[in-house]
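**Q** Below is one structure. I have some questions about it.
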Amino acid sequence: MRSCEFCGAEQLENAVFCGNCGRTVGSSPEFPTAGDLPIVKKGTKGSAETIKAFYWEYGPQNMSSWQNNRQSSPNNARQSLHDEEDEEENRRRAALLELVGFAGEMQPPAGTVPMVQGMPQFGGVPAVQGMNGIPGMPGTSFANNAAPGSYPAAFHSSPTIQAPLFGNRPMPPSPTRSGPARNPKPQKPPAQPSGCAPVWLIVLFAIILILSGIISIGLTVLSPSLSTLSGKTDVTIGNTLQLHGNSFLPGSSVVLTLDNSVPLFYTEEAAPLHVLHGVYSVLGLSSNAFPAAKMSAASNIVSVGLDGSFTVTIAIDVSWQAGQHTIRAEEKLTPRNAVITINVEAAGQTPTPTPSVTASPSATVTVSPSASTTASATATTVDLGCVTPTSVALGPVSKGNSQAVSSQVSLCTIGTGTVNWTATWDKNTATWLQLDQSSGQIQAPAQQQIRVSAVATNLKAGSYTATITFSNTQSSTTETVNVTFTVQSGCITASQKTLSFTGVAGISDSPQQTLTVANCGLVGIWSTAITTSNTVNWLSTTPTGGSLNNNATQSVTVTASNLKTQLNAGTYSGSITFSIGTNQVVVAVTLTVQAGPQIIVVVPNPPSFNANAQCAFSQSINAWTCIASISNSSQTQSLNWQASSTGVANIAFKPASGTLAPSGGTRVVIIVPTNDCQTATTLTFTGPANSQNITWTCTLIS
């Protein structure tokens, strides 16, 4: 191993070129030294051709011939060492350039060409230890022909390569160089090609640097701020406020809040595209596709422009209370925020004058109000502000409808204080109009709800209008509401015009019946009215009324009860009147009450007991025993009966009650305790339709 005399890198013994710096590391009998190379002038095509011819003419196998020619040339012998040193660098560069060009013409694809240590390193060619042979070049097998640490004969100590075939024939050799070597003028090293990035890449990096600078300044140096475009922070209810933000993070989103809690919505936002005009100009783009127009919004989130600013328009409506309010703008991604305080004034409110402060030598402060302002001017104006809605439509309802229809209006005030108000309208022509209150007080700036109603009891079909005027008793301010009331002709129908019921006196009621009523008008409230011939309320309906829309129907259940009212056998009549407004339909009802089964006393006949003659006295029980017989008069219905007595106490009946089959009867044992025979006694048998009494008497035996 030896070291390069130029850079000090270790080289193989037979290496001609330094693998690190590329210079010739020493003379070799098999390769020409730097001084033996032909002179090549920079930029001369002929010089390069001379070098190529030189290499083709003297290959490794003809190296001895080349040595003889060199020694026999008197011109080369007379060349001074000084000239050789001056031209060494130029010759080396020319040789390397020729070798590079030569290799580029004959080399196989880069992926299969290795690089041998000790040869100059060419860009784009990989270096592989122990390469295999290059296709088409003999004697290049490292694995088979060379010992470790040495080179094969074809490459031993020389970069000269045996001429390859070009189109199956070798390149013809060039004539050898003859004659004395000319001393060339000192040549400058060949200029290295300078790199040049595309213009768009430079512009892109410039934009990125600018944006990075803006963001860095916005985050570290500048604090966001809020201001108004007019420079004033006083605004009147009903006007708008143009809010402008500065020094926010470019391209970020900012959230607006009112008084630190309420989301603040804006009506318009200036498009944040004006700052892009300069960028479009640099990039050669047109900014016509991005006009700086107004963009409507319904949000409290504002988009910040690339210059870190935004402008929005905020409407100050009647929902704002007079006084000071704070508006906060806070970035969504960072805690950075800005706050501005504004003063909201009611319409017609005189702004409070700014006092002037004068400092005297005695440190006494004198406050002087403006000459045009008096002490009373500082009072806040309080008045009616609005009424919403300004028009109300009631109905439609059916003609003659007695049920009120209503709506609400809101009366608002401005300022701070008490507003006394009254409501008036033409009550002679608008008798149908009603208010739940026609006067009151409102503590400004609050609001009050007022109910407006209308009733069509005495109105014909048609449209009615009225105007309600709300007035402030302390000023001439008024607010009006226009009311429209629509009345339509009523129309109602019933599925049946007559109903018939049949019941049994004291026994059963007739089953319920159902009919359907329908509204053949647009809108209506229906009701029922019932009458009976005997003024007894045996007739009823469920439900008794309600609301019916256009073509709507309602099912109604009708009941006729003779048991509830204890009607006797007979025929009863009544009527049901269904109404929508003044339109009516009448349903006639008939109730027939049949006689129930009668109790008949068969024994005794006549119905009277003389205990001494008709009853037996028992000493063992010390009582009279009598036997009675009763029967059912109906041949189709059963009869429920029960027995009772008055007079002598503790009279017993066996049985005391029961059911008689149609046309059936039963015997009843009656036990009357011993008594003084002075008490009038009655035995009673009661059925659903009638009662039968039997008298009982006795005579004392002395």
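**Q** What are the ³J(HN,Hα) values, in whole Hz, obtained from phi via the Karplus relation 6.51 cos²θ - 1.76 cosθ + 1.60 with θ = phi - 60°, for each residue of region 681-698 in sequence order, with x given for Gly and Pro?
**A** Here the 3J(HN,Hα) series is 10, 10, 9, 10, 10, 10, x, x, 10, 7, 9, 10, 10, 10, 8, 10, 9, 8 Hz.
**Q** Write down the radius of gyration of region 516-611 and its Dmax, each obtained from C-alpha positions, in Å.
**A** That works out to 21.5, 80 Å for Rg and Dmax.
**Q** Can you quote the Å³ per residue value for the convex hull of the Cα atoms in region 499-556, rounded to an integer?
**A** 93 Å³
**Q** On to the next question. Which value, in Å² and to the nearest 10, is the accessible area of W641 when all protein chains are kept and the probe is 1.4 Å?
**A** Roughly 10 Å² of W641 is accessible to a 1.4 Å probe.
The values are calculated or read from the model by the stated rules, or taken from the named source; none is laboratory data. Here the structure is a predicted model, which is why all the values come from computation and not from measurement. SASA here: full protein model, heavy atoms, side chains in, ligands and nucleic acids out. Shrake-Rupley method; radii C 1.70, N 1.55, O 1.52, S 1.80 Å.
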